[in-house]
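The values are calculated or read from the model by the stated rules, or taken from the named source; none is laboratory data. All figures in this text were calculated on a predicted structure; none of them were measured in a lab. Cβ sites come from the backbone with ideal geometry, for glycine too, and all protein chains shown count toward neighbours. For accessibility, only protein heavy atoms count, side chains too; no ligands or nucleic acids. Shrake-Rupley method; radii C 1.70, N 1.55, O 1.52, S 1.80 Å.
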Amino acid sequence: MSPPLYRDPDVVDFYLRPYDSDVRRENKLTLRSSRNSRMYEPGVYIDKVSPTPLLMIVGSRDTMTPTDIALTASSVLSNPSGSN
């Protein structure tokens, strides 16, 4: 087995758990999905969301998007002028 792209144990468990569905799914990494994952920068676009309302659900133990980063994004949305 090749090394996982995401190494957090919770994420690895999520992707390796049995899949309950009649839909066929391949758990594989493509070159395109690897590149897209490395380019994932949602913070670049956060200022383009305002003034559209956005519900953000921020987990206190999220290992993929740390809480402080999500809360910073939320504060940018609530104060789009940038003057926290």
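Of note:
- Filtered residues of the stretch 31-63 (kept if surrounded by 11 or more Cβ atoms within 10 Å (Cβ to Cβ) and either in contact (Cβ under 8 Å) with a residue 40 or more places away in the chain or more than 26 Å from residue 15 (Cα to Cα) (or both)): 46, 47, 49, 50, 54, 63
- Counted residues, the stretch 5-19 - those being assigned to a loop (DSSP other than H, G, I, E, B) and either open to solvent by 90 Å² or more (accessible area, probe 1.4 Å) or in contact with a strand residue (DSSP E or B) (Cβ under 8 Å, 6 or more places away or on another chain) (or both): 4
- Residue 40 vs. criteria part of a helix (DSSP H, G or I), within 29 Å of residue 7 (Cα to Cα) and modelled with pLDDT under 80: no
- When residue 22 is tested against (1) among the acidic types (Asp, Glu); (2) surrounded by 10 or more Cβ atoms within 10 Å (Cβ to Cβ); (3) not in a helix (DSSP H, G or I), only condition (2) is not met.
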